[in-house]
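S.K.: Just dropping this structure here.
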């Protein structure tokens, strides 16, 4: 009996050390993420803002902030719905081409039939736009497409237009520019993720499909896409969450005004307006909670839609 006790005392509990090593992450998460999230929800039920030099609140108002967000303004427009619609349009215009192009490039570069050389070089080149700060990228596009920018100068010199086109004053062109910038910045990152996913698939699967006489399209839809689905779902959901949090590109390009006629005003830009001079933490908190619920709901919907046929 005594020998058994001595043996137990000498044993090492590796599980304990595992918990100790991951403890810093949980401490950091609780302090810098979970606590602010709880405080945001808490503040959303209070009237708490600055009116000039006067601080109003915090006063408990219940759901008043949420009701105000869905109350039509003088023009009959519900701002929250309008900015959510803008955000979804801008995201879809940028994310759909991003996913499609990234998927095609990933399949192209990892094709065992084509055996493309210099994959590391291509990875570096397509990822480079992601290294540029969004603000700098936006200022570049603002300069290029301004009324005195090079695009207008070329159009005038070629006689295509008689006077400068105000690209930043037209709803369609502004949305296209914002979506194009988001596409250029993120398609490289998505391509690399999908390439890694495809390279993780057992090559014997592709060889077996080729021996069975499967065409390239059949291999893609019957082998590559089903096995790549976990990575694809991840990229789509993260791209969607990033799109819902879109801020820096339209903020810089439109000088924070969402011109023209608030057609490029996103939900986070709307939230930022309440964190300006008024410091309206109550309304900002309510918008943040709604944005979180929308992100969670859409994430579950996208996950269920993309994985439904593979659960049978």
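We did not get these values from a lab; they are worked out from the coordinates using the rules stated. Treat the numbers as computed from the prediction; the structure is a model and nothing was measured. Positions of Cβ are generated from backbone atoms using ideal geometry, with glycine treated the same way; all protein chains shown enter the neighbour counts.
S.K.: Among 211, 198, 41, which one moves the most in a GNM of the chain with springs linking Cα atoms closer than 10 Å?
M.R.: 211
S.K.: Arrange the following residues from fewest to most other Cβ atoms within 10 Å of their Cβ: 148, 223.
M.R.: 148, 223
S.K.: Now for a different question. Using the 10 angstrom Cβ neighbour count as an exposure proxy, how do 61, 96, 219 rank, fewest first?
M.R.: 96, 61, 219
S.K.: With the chain treated as a Gaussian network of Cα nodes joined by springs under 10 Å, which of 65, 130, 204 yields the largest mean-square fluctuation?
M.R.: 204
S.K.: Give me the one-decimal Kirkwood hydrodynamic radius in Å for segment 48-144, with the sum taken over alpha-carbon pairs.
M.R.: Hydrodynamic radius (Kirkwood, Cα pairs) of segment 48-144 is 18.9 Å.
S.K.: Kindly provide the Kirkwood hydrodynamic radius of segment 119-224 in Å, to one decimal, from all pairs of distinct alpha carbon atoms.
M.R.: 17.3 Å
S.K.: Right, another one. Computed FRET efficiency, Cβ-Cβ of residue 125 and residue 64, R0 45 Å: what is it to the nearest 0.05?
M.R.: For R0 = 45 Å, the calculated efficiency reads 0.30.
S.K.: Right, next: Could you tell me the center-to-center distance, by alpha carbons, between segment 246-266 and segment 63-84 in angstrom?
M.R.: Between the Cα centres of segment 246-266 and segment 63-84 lies a distance of 18 Å.
S.K.: Rounded to whole Å, give me the distance from the Cα center of segment 124-195 to that of segment 267-312.
M.R.: Centre-to-centre (Cα) distance: 27 Å.
S.K.: Quick one: which of 103-111, 51-59 comes out on top by average Cβ neighbours within 10 Å, and what's the full order, highest first?
M.R.: 103-111, 51-59
S.K.: log10 I(q)/I(0), Debye, Cα-only the chain, no solvent, q = 0.06 Å⁻¹?
M.R.: Results for the chain at q = 0.06 Å⁻¹ read -0.33.
S.K.: What is the chain's relative contact order, in percent, from Cα pairs under 8 angstrom and six or more apart in sequence? Can you show the working numbers first?
M.R.: Details: 329 pairs, mean separation 84.8, N = 312.
Normalised by residue count, the contact order of the chain is 27 percent.
S.K.: How are the alpha carbon pair distances in segment 165-239 distributed across 5 Å bins from zero to the largest one, expressed in percent?
M.R.: 3, 14, 18, 15, 12, 11, 9, 7, 6, 3, 2, 0
S.K.: I've got another one for you. Add -39500 (n - 2.57) for each DSSP H run of 4 or more in the chain, then divide by its residues: what number comes out at 222 nm, to the nearest 500 deg cm²/dmol?
M.R.: Details: 15 runs with 202 residues, N = 312.
Rounded to the nearest 500, it is -20500 deg cm²/dmol.
S.K.: Given a 10 angstrom Cα cut-off, can you work out which residue in 120, 98, 251 is the most mobile in a GNM of the chain?
M.R.: Between 120, 98, 251, it is 120 that shows the largest mean-square fluctuation.
S.K.: Over the Cα atoms of segment 210-270, what radius of gyration and what Dmax do you get, in Å?
M.R.: In Å, with Rg to one decimal and Dmax whole: 19.7, 59.
S.K.: Quick one: 295, 216, fewest Cβ neighbours within 10 Å first, how do they rank?
M.R.: By the 10 Å Cβ count, ascending: 216, 295.
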